[in-house]
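Some notes on the structure that comes next.
Throughout, read-outs are computed from the coordinates displayed, never taken from laboratory work. Here the structure is a predicted model, which means the values were calculated and not measured. Positions of Cβ are backbone-derived with ideal geometry, glycine not excepted, and every protein chain shown enters the neighbour counts.
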């Protein structure tokens, strides 16, 4: 039943046509689709298909990445309120851009994708100091810290991932919290995440969801 709606939704997302995507969702609901169907059979697969299709040319397709994430986030937030039973979150992540970095678009794209994949996201904003990453992760009982950087010097600097790693070591939290990084410097140098002592890196929102799911399974629950 959803096949025609899947095709129509994919077309709308590819054209970055938010209004048409929302109309497709409403038509699917009117035709008997459940909110769960909308999220897991329409939104998530379409997001996966879109980002895989354009991942080879990320910078030239930021509009598609951004709108795909925003549409997915908007539809998911609306559908979650209508689920028969509240979905169980996969886990929680605190995210922000590294100290000295004011770029937010990449982080916003990833967060939109993660929310559609049932990962709870706490947005710390931009220019985030290492101690705030760690303090908020503890306060929010988050198992993963996500650090975005769009410039090489903020990715490599002492106030980025290296600073967060140092604090986790000092506070004895490495067994409970993992670090994932992302942004342009990591796409240019896929081994950079090891240099800055992150546990993993992600190229885009879909990849981030899958990598974070793997990290979450490694960690004990917060007491």
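Below are the figures for this structure:
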| item | result |
| --- | --- |
| Nearest-0.05 FRET efficiency for residue 29 and residue 218, computed from C-beta distance (R0 30 Å) | 0.20 |
| Relative exposure of 31, 199, 3, judged by other C-beta atoms within 10 Å (fewest first) | 3, 31, 199 |
| Sorted by Cβ neighbour density within 10 Å, fewest at the top, the residues 113, 121 | 121, 113 |
| Cα gyration tensor, region 177-217 - rounded (a/c under 1.5), prolate or oblate | oblate |
| Fewest-first ranking of 4, 34, 143, using other Cβ atoms within 10 Å as the exposure measure | 4, 34, 143 |
| Cα pair distances exceeding 25 angstrom across the chain, given as percent | 39 |
| Cα gyration tensor of region 91-218 - equivalent ellipsoid semi-axes, whole Å, descending | 18, 17, 14 |
| Mean separation of Cα contacts under 8 Å, 6 or more apart, over the residue count of the chain: relative contact order % | 17 |
| Sites residue 139 and residue 4 - FRET efficiency at Förster radius 45 Å, r taken between beta-carbons, to 0.05 | 0.45 |
| For the chain, built as a Gaussian network whose Cα springs stay under 10 Å, the top-fluctuating residue of 115, 107, 210 | 210 |
| Region 75-179, relative contact order [Cα under 8 Å, separation at least 6], % | 31 |
| Inter-label distance for residue 120 and residue 82, nm, one decimal - labels placed 7 Å from Cα along Cα-to-Cβ | 2.5 |
| Rough spin-label spacing in nm, given labels placed 7 Å along Cα→Cβ, for residue 22 and residue 173 | 3.8 |
| Rounded tilt (10° steps) of 130-139 against the dominant C-alpha axis of the chain | 60 |
| Cα-based shape type of region 106-176, given that a ≥ b ≥ c are square roots of the gyration tensor eigenvalues and the cut on a/c is 1.5 | oblate |
| Helix axis angle, 105-116 relative to the chain longest principal axis, alpha carbon, degrees | 60 |
| Acute angle (nearest 10 degrees) that the helix 18-30 long axis makes with the longest principal axis of the chain, alpha-carbon atoms | 60 |
